[in-house]
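What follows is a set of notes on a single structure, which appears directly below.
The values are calculated or read from the model by the stated rules, or taken from the named source; none is laboratory data. Source: prediction; values computed, not measured. Because the Cβ atoms are built from the backbone with ideal geometry, glycine has one as well, and the counts that use them run over all protein chains shown.
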Amino acid sequence: MEGEAAHHLGRVLRAQAGQLYELSDGKRVWLGRIDRVTRDRVEFSKLEELQVYQPRLDLTLLLAVVKFDAFEWALEKSTELGIGAIVPLAAARSEKALLGAAAKRAERWKKILLEASQQCRRVRIPVLADVSKPGRAFASFKDGLRVMLSERADAPPLRNVLEGRRAAKAILAIGPEGGWTDAEREAAQRCGFLEASLGRLILRAETAVITALASMNYALGDD
């Protein structure tokens, strides 16, 4: 291991020869023992290959850009909940200043996804797409269970939408704190998205992310 990761392991975490770590290339995992630590390099011996767990449910999150502290918290927690890909949305009611700065945050967001993946021992890091308009993002999904969270009073409960369904792929769309516009909701419906409610309480975007993903894992996942 070289570069920034090696520096962090050797200098910040003070790794020493003889310590054991799990090593992954994004596809396989090995148990490794540190043989030598230098300033920007850590050398390992691979001891054995470990069994890799891959969730059956392929989850994608379409998340409107909200205040960055909340958005980044949602990135971290959705990674822990097994999300496979994240598409930031430039929704009509997203703050324009945030949208203008979003592109500059991409590297930081990828780092958050990496660190969250390491923390929860995921093999694969979630894919972070470029910021997209909602209509374009909705139209890019042709199959799988497609769900759009809605604050409308007549939207069916997410429990009802998920009940009795089987799916290997699911896409979840969550709007900004101001809610979806009628045009965005209609665009989603044309692309096969089902409206669903998390109840009468109005949740912040990051709270909705955790609640909905946990529910989808419970209803559709294998664990």
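Look through Ala70, Ala97, Ala129 and report the one residue that is touching a residue at least 60 places away in the same chain (Cβ under 8 Å), surrounded by fewer than 18 Cβ atoms within 10 Å (Cβ to Cβ), small (Gly, Ala, Ser) and not assigned by TED's automatic domain parsing to the domain that holds His8. Even if it seems obvious, please write down each step before you answer.
Numbers: Ala97 fails: touching a residue at least 60 places away in the same chain (Cβ under 8 Å); Ala129 fails: touching a residue at least 60 places away in the same chain (Cβ under 8 Å).
Result of the check over Ala70, Ala97, Ala129: Ala70.
Filtering segment 19-31 to residues that are outside any loop (DSSP other than H, G, I, E, B) and surrounded by 12 or more Cβ atoms within 10 Å (Cβ to Cβ) leaves Tyr21, Glu22, Leu23, Ser24, Val29, Trp30, Leu31.
Considered as a group, the residues in segment 32-67 that are basic (Lys, Arg), free of Cβ contacts under 8 Å to residues at least 40 places away in the same chain and more than 30 Å from Ala103 (Cβ to Cβ) include one that is surrounded by the most Cβ atoms within 10 Å (Cβ to Cβ), and that residue is Arg33.
Among the residues of segment 73-99, which ones are aliphatic (A, V, I, L, M), outside any helix (DSSP H, G or I) and within 20 Å of Ala212 (Cα to Cα)? Walk me through how you get there before you give the answer.
Filtering segment 73-99 for residues aliphatic (A, V, I, L, M) gives 74-75, 81, 83, 85-87, 89-92, 97-99.
Keeping just the survivors that are outside any helix (DSSP H, G or I) gives 81, 83, 85-87, 89-92.
The answer is Leu81, Ile83, Ala85, Ile86, Val87, Leu89, Ala91.
On inspection, Gly178 fails the criterion of being without any contact (Cβ under 8 Å) to a residue 60 or more places away in the chain, assigned by TED's automatic domain parsing to the domain that holds Ser78 and in a loop (DSSP other than H, G, I, E, B).
Annotation: of all residues in segment 109-126 being exposed (fewer than 15 other Cβ atoms within 10 Å of the Cβ) and outside any loop (DSSP other than H, G, I, E, B), the one that is modelled with the highest pLDDT is Lys111.
Scanning segment 5-18 for residues being over 15 Å from Gln118 (Cα atoms) and surrounded by fewer than 15 Cβ atoms within 10 Å (Cβ to Cβ) gives a total of 6. Restricting attention to segment 52-63, does a residue exist that is in a loop (DSSP other than H, G, I, E, B) and more than 21 Å from Ala219 (Cβ to Cβ)? The answer is yes, given that some residue of segment 52-63 is in a loop (DSSP other than H, G, I, E, B) and more than 21 Å from Ala219 (Cβ to Cβ). Look at (1) assigned to a helix (DSSP H, G or I); (2) surrounded by 14 or more Cβ atoms within 10 Å (Cβ to Cβ) and you find that Lys104 fails only one, number (2).
Among residues of segment 19-31 that are among the polar types (S, T, N, Q), those with a Cβ under 6 angstrom from a residue that is assigned to a strand (DSSP E or B), sequence gap 6+ or separate chain, pair up as Gln19/Ile34.
Candidates are the residues of segment 165-218 that are among the polar types (S, T, N, Q) and in contact with a Leu (Cβ under 7 Å, 6 or more places away or on another chain); the one that is farthest from Leu75 (Cα to Cα) is Ser197. Only one of the listed residues (Asp130, Asp154) is over 19 Å from the mean Cα position of the chain (by Cα) and under 21 Å from Ala205 (Cα atoms). That residue is Asp154.
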